[in-house]
Structure formats: C-alpha cells, structure tokens
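Everything below concerns the one structure shown next.
The values are calculated or read from the model by the stated rules, or taken from the named source; none is laboratory data. These numbers were taken from a predicted model, which means no experiment stands behind them. When we count neighbours, we look across all protein chains shown, and the Cβ atoms used for this are built from the backbone with ideal geometry, even at glycine. When the accessible area is computed, the model is the full protein with side chains, heavy atoms only, and any ligands, DNA or RNA have been set aside. Shrake-Rupley method; radii C 1.70, N 1.55, O 1.52, S 1.80 Å.
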Amino acid sequence: MSPFLDLPPLSAAEFAAIEDKVAALLHTEADVIVTQGEALLPLEAAIRGAAHPGSTALNIVTGPYGQTFGTWLRTCGANVVDLAVPFEGAVTAGQVAEALDANPDIDFVSLVHAEAATGNTNPVAEIGAVVREHGALLMLDAVASVAAEPLLTDAWGVDLCVIGGQKAMGGPAGVSAVSVSQRAWERIAANPAAPRRSYLSLLDWKERWTDAGRAVLPHAPAQLEMLALGACLDRIAADGLPAVIARHRAASAATRSGVRTLGTLSPYVHVDAHAAPVATTLRTPDGVDATALAARLDPALPVQPGGGALATTMLRVNHYGPEATLATVRACLSALAAATDADAAPALAAADAAWDAALA
C-alpha cells in the first residue's frame, strides 16, 4: 500500500467542499472554480475569456507577471493600455484613475496584488473602487498575496480573483483557483472568442460543473494536489487567517529591519508600505553580482537571485508559508552577513525587535 497511490477516489462532494473553503478564504460569494494546474492556467483562462478583439484593457505593470498579462491580452486582439511603474514601488489608485479617464473605452483591468518576483504589493481596495466606478471588470492575480495579506474579493470589487496554493498558503503548486463574479460570467458568455472545449474554458467548468449542481466531476481530479490544497486550507483555518497574515507581516518587517541594520544590502522596494509580505527583495551593492552571492549561501535557505535582467543586482528572500518564521529570517540574515563580511549581531537584534513589534 502506498499513501500516494492507493487512495479512494476523490468524490464530487469533497471537491466542492474544497471550493467552498477557497471561497471563504477569498471572502467571496461568487462562484469559485478550482483548476487542475498551476496558477498560470486560470490567469490565462480569465484573460482569454474576458478579453476579445475590440475590447480595451488597462494592464497595470508592476513586475514580470504584468508584462505577461499584456502579451496575452494582445494575442486576444484587445487594445492594450499599459500602465507601467517602477518595480521598486507600487501603483496608486490616482494613477489608475488618470489612465481610465484618459481612455474611457477601457472595459477590463488586469492587476497583480503582490509581485513576489520584485517584492512589491499594490493597494487593491483603492484601485478596485476606481475601476468599479469606471465600470470595467477587474482581474486580480492574488497568487502571492492570498494568506499573506488581507484579500476581500467582493468588498474590493474584484471580478476575477486568481490564487495558487504554493506561496503563503503553504500548499501545492499543482492546483489553483479563480473566483468569477456574475458580471465576469456575463462578459465571458458574451465573448464569441472565449475558449470552449478547452482546458482554458471557464465556461465549460461553469456549465458542466457549477451550473450542474457540482454533482459529477467533468474531469478526473488531480487527487494528491486537491488533498494537499484541502489540508493547507484546513491548517490556515486552524491557525486563524489573521495569525497567518500577522506572521507574514512580521517576517517582512524583521527582514527589512535586519537588512537595513546589516548595511551591506538594501531593500529593493524602498517604502515599507509598498513591500509584499511574502518576499523581501534586496539590492546588491555596485560590483557585487547577486547570482554569485546567492551561490555562496546554503542552498537550503530560501534565498535566490532575481530573474531575468535582475539576476545580477537583486536577491530575493522568500519568507512565505512555512518559512514565515523568525528562525528563517535569522538564518537568512546570518548567511547574508557572513557572505558580505558584515556583523550579524546588530542585524539579528533589529530583526528580533521588529518581529516582536509587528506581533504586539
């Protein structure tokens, strides 16, 4: 008998119960569809369902995922207005409002809540208010923010909210989910270019699963990943979502305070309020290659160089899920101190103080 192979089939009722737990985590009454793949699946499905030739989309770019969304929107034939801001900060609701006012035909807005790759987070509540006032749909990539910071899908006017379990939730990467508002369903149903009979078809899931009473699964579920998703949702519920969010905030505050005290590296995101709780990105000094520096660290530590053009100048400390602990922060700071010939003791003391203050 293998615990990974010899399992009873996952029932439709169990699958539906996991969807309901996701809905509770997202604070939404909208339909939730758990998709059988990594979060890029529902992100692309949401864009290809809602965008179409002749539509106009505002694509907010605060990191690499925003760039990806722009590519998808253009391949759908949408007219795309990119609102790009420096990756070391956040976009503001005022900037979004200006873009909407300048382009009254915008009917779809794509936004990343937290960009783990660049370490920033965006003010979704304020942005959602101006998007709803304009009358556009709002799609939110909340993969890196869910369970690390507040996410009030309905209250913030988010029409399509996509999450994955592999970051702050501490769960699997092989399944993901999207909540779909009634306005979004109407938009997708009216789009003749929306995918059908496709793995990217949200309408197929709605018709064959949600609208059919969730009684018979339309496809064989990814059983291990679904069980892992249910387990991590149960763990979050047992710990209490506010406590899980508080740990991530404390890890971010401790890391940023420790790094500033260390003095050899600096936070890539300058303003604390713009920093994502899931990961702290660090700028290396001139002449210090981030990839080479990361290679000198214990590979078990959750530290990696930035991606793409940032690989030589940025380090990323991932403190999410089970790594959202003071022990992880201290281990990373100690390693960074040793690698940059800095004194770890003051940095560790600063991190301890910031952790305690964040949880007080």
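Please give the number of the condition V244 fails out of (1) under 18 Å from A117 (Cα atoms); (2) surrounded by 14 or more Cβ atoms within 10 Å (Cβ to Cβ).
V244 satisfies all of (1) under 18 Å from A117 (Cα atoms); (2) surrounded by 14 or more Cβ atoms within 10 Å (Cβ to Cβ) except (1).
I need a count of the residues in the stretch 309-325 that are open to solvent by 40 Å² or more (accessible area, probe 1.4 Å) and more than 19 Å from the chain's Cα centre (by Cα).
Step one: filter the stretch 309-325 for residues open to solvent by 40 Å² or more (accessible area, probe 1.4 Å), giving 309, 312-313, 320, 322-323, 325.
In the following step, the residues that additionally are more than 19 Å from the chain's Cα centre (by Cα) were identified as 309, 312-313, 325.
Number satisfying all stated conditions: 4.
List the number of the failed condition for F69; all other conditions in (1) open to solvent by 50 Å² or more (accessible area, probe 1.4 Å); (2) of a type outside the set (S, T, N, Q); (3) part of a helix (DSSP H, G or I) hold.
Condition not satisfied by F69: (1).
Output the number of residues of the stretch 247-269 satisfying the condition of being under 23 Å from L151 (Cα atoms) and surrounded by fewer than 20 Cβ atoms within 10 Å (Cβ to Cβ).
Total meeting the criteria: 1.
Could you identify the single residue in V146, V178 that is under 18 Å from F15 (Cα atoms) and open to solvent by less than 30 Å² (accessible area, probe 1.4 Å)? Spell out the reasoning first.
Numbers: V146 fails: under 18 Å from F15 (Cα atoms).
None of the others qualify; the one that does is V178.
For Q182, indicate whether it is within 29 Å of A358 (Cβ to Cβ), in contact with an Asp or Glu (Cβ under 9 Å, 6 or more places away or on another chain) and of a type in the set (S, T, N, Q). So that I can check it myself, show each step before the final result.
Working: within 29 Å of A358 (Cβ to Cβ): no; in contact with an Asp or Glu (Cβ under 9 Å, 6 or more places away or on another chain): yes; of a type in the set (S, T, N, Q): yes.
In short, no.
Tell me which of these D6 doesn't satisfy, since it passes every other one: (1) assigned to a loop (DSSP other than H, G, I, E, B); (2) of a type in the set (D, E, K, R); (3) open to solvent by less than 50 Å² (accessible area, probe 1.4 Å).
Here D6 meets the rest and fails (3).
With the requirement that a residue be over 18 Å from R247 (Cα atoms) and either of a type in the set (D, E) or within 11 Å of the chain's Cα centre (by Cα) (or both), what does the stretch 143-158 give you?
First, the residues of the stretch 143-158 that are over 18 Å from R247 (Cα atoms): 152-158.
Within the stretch 143-158, just D154 meets the criteria.
Going through A90, A129 one at a time, which residue ends up being surrounded by fewer than 19 Cβ atoms within 10 Å (Cβ to Cβ) and farther than 21 Å from P42 by Cβ? Can you show your working first?
Working: A90 fails: surrounded by fewer than 19 Cβ atoms within 10 Å (Cβ to Cβ).
The unique qualifying residue is A129.
Quick check on the stretch 22-32. Is at least one of its residues in contact with a Gly (Cβ under 8 Å, 6 or more places away or on another chain), surrounded by fewer than 19 Cβ atoms within 10 Å (Cβ to Cβ) and on the phi < 0 side of the Ramachandran plot?
Filtering the stretch 22-32 for residues in contact with a Gly (Cβ under 8 Å, 6 or more places away or on another chain) gives none.
No, the stretch 22-32 contains no residue that is in contact with a Gly (Cβ under 8 Å, 6 or more places away or on another chain), surrounded by fewer than 19 Cβ atoms within 10 Å (Cβ to Cβ) and on the phi < 0 side of the Ramachandran plot.
Yes/no matrix, rows are residues, columns are (1) farther than 30 Å from D239 by Cβ; (2) under 26 Å from the mean Cα position of the chain (by Cα):
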{"site": "H274", "(1), (2)": "no, yes"}
{"site": "V278", "(1), (2)": "no, yes"}
{"site": "D289", "(1), (2)": "yes, no"}
{"site": "A294", "(1), (2)": "yes, yes"}
{"site": "L348", "(1), (2)": "no, no"}
{"site": "W355", "(1), (2)": "no, yes"}
{"site": "A358", "(1), (2)": "no, yes"}
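Out of A253, A243, A222, report the one residue that is in contact (Cβ under 8 Å) with a residue 24 or more places away in the chain and more than 15 Å from L282 (Cα to Cα).
Values: A253 fails: more than 15 Å from L282 (Cα to Cα); A243 fails: in contact (Cβ under 8 Å) with a residue 24 or more places away in the chain.
Exactly one residue qualifies, and that residue is A222.
Can you tell me which of A212, A237 is under 23 Å from E29 (Cα atoms), touching a helix residue (DSSP H, G or I) at 6+ places or on another chain (Cβ under 8 Å) and open to solvent by 40 Å² or more (accessible area, probe 1.4 Å)? First the steps, then the outcome.
On the way: A212 fails: touching a helix residue (DSSP H, G or I) at 6+ places or on another chain (Cβ under 8 Å).
When all the criteria are applied, what remains is A237.
Going by the conditions given, is G164 under 30 Å from F15 (Cβ atoms) and open to solvent by 10 Å² or more (accessible area, probe 1.4 Å)? Give the steps one after another, and end with the answer.
Working: under 30 Å from F15 (Cβ atoms): yes; open to solvent by 10 Å² or more (accessible area, probe 1.4 Å): no.
The answer is no for G164.
Within the stretch 95-114, which residues are open to solvent by 40 Å² or more (accessible area, probe 1.4 Å) and either more than 22 Å from the chain's Cα centre (by Cα) or of a type in the set (A, V, I, L, M) (or both)? Even if it seems obvious, please write down each step before you answer.
The initial filter retains those residues of the stretch 95-114 that are open to solvent by 40 Å² or more (accessible area, probe 1.4 Å), namely 95, 98, 101-105, 107.
Correct list: E98, D101, A102, N103, P104, D105, D107.
What's the total number of residues in the stretch 88-141 that are part of a loop (DSSP other than H, G, I, E, B) and in contact (Cβ under 8 Å) with a residue 60 or more places away in the chain? First the steps, then the outcome.
Going residue by residue through the stretch 88-141, those that are part of a loop (DSSP other than H, G, I, E, B) are 88-92, 103-105, 113, 116-119, 122-123, 135-136.
Right, trim to in contact (Cβ under 8 Å) with a residue 60 or more places away in the chain and you get 88-90, 116-119, 122, 136.
Total satisfying the criteria: 9.
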